[in-house]
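The values are calculated or read from the model by the stated rules, or taken from the named source; none is laboratory data. Please read these numbers as outputs of a predicted model, since none were measured by experiment. Note: ideal-geometry Cβ built from the backbone for every residue, glycine included; neighbour counts use all protein chains shown.
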Amino acid sequence: MVVDEPVPAAELAVALEVPESVVAEALAELRDEYADPDAPRGFELREVDGGWRLYSSRLYADVVGRFVVDGQSARLSQAALETLAVVAYRQPVTRGQVSQIRGVNVDSVMKTLAARGLVTEVGETGGAVLYGTSTEFLDRMGLSSLDDLPPLAPYLPDLADIDGENR
C-alpha cells in the first residue's frame with residue numbers, strides 16, 4: 001500500500017526476515033484469495049514485472065475512476081489558492097517568479113493546479129516556462145475574462161501600516 005512500484009518477493013522476504021519461498025507462497029495465496037469471485041474486494045494483488053503490488057480491482061474501475069475525477073473538484077488548499085492568485089494577477093509568470101512572490105517553493109502546487117486544469121503553459125522566456133490561467137479557471141470562477149478579476153488595491157495594506165510593522 002505504500003509503494004509506487006511493484007516490490008519483488010525477495011525484498012519483502014528481507015524486510016520480514018523470512019525465506020523468499022515463504023513470501024512467494026503467501027503472496028500467491030493472497031492473490032488468489034483477493035481474486036475470489038464469491039467475495040469480491042475493492043483491491044487485488046498483482047504480480048507485475050517481477051514484483052508485487054496492490055491495485056484497485058478491475059471490477060470497480062468505473063467507480064474508482066469517478067472518485068478520482070470527482071476528487072479533482074475538491075477544494076483547493078490555502079497554498080494552491082495563493083499560488084493561483086499570483087498566477088491570475090501576474091500572468092504570464094514563471095514558477096520562479098511565483099516562488100519569489102510567495103516566498104516558498106511552488107513546484108508541487110503548480111503541478112496540482114496544472115493537473116486540475118486551472119493553469120496552463122502559455123509560452124517561454126529564457127528557457128523558463130510561462131504560466132497563465134486557463135479557460136477552466138475562468139469557468140470555475142464565473143469570470144468571462146481576466147478583466148473581471150476584482151481589483152487588488154482594496155485588499156492591500158496601507159503604506160503606513162507596512163511602515164509601522166518595519167519599525
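I'd like to know if the range 129-151 contains one or more residues that are of a type in the set (Lys, Arg) and under 17 Å from the mean Cα position of the chain (by Cα).
Scanning the range 129-151 turns up no residue that is of a type in the set (Lys, Arg) and under 17 Å from the mean Cα position of the chain (by Cα).
If you take just the helices (runs of 4 or more DSSP H) that sit entirely in the range 1-82, which of them hold at least 2 residues that are at pLDDT below 90 and under 28 Å from residue 111 (Cα atoms)?
61-71
Kindly indicate whether any position in the range 29-51 is within 20 Å of residue 2 (Cβ to Cβ), surrounded by 15 or more Cβ atoms within 10 Å (Cβ to Cβ) and touching a Pro at 6+ places or on another chain (Cβ under 6 Å).
Yes, the range 29-51 has at least one match.
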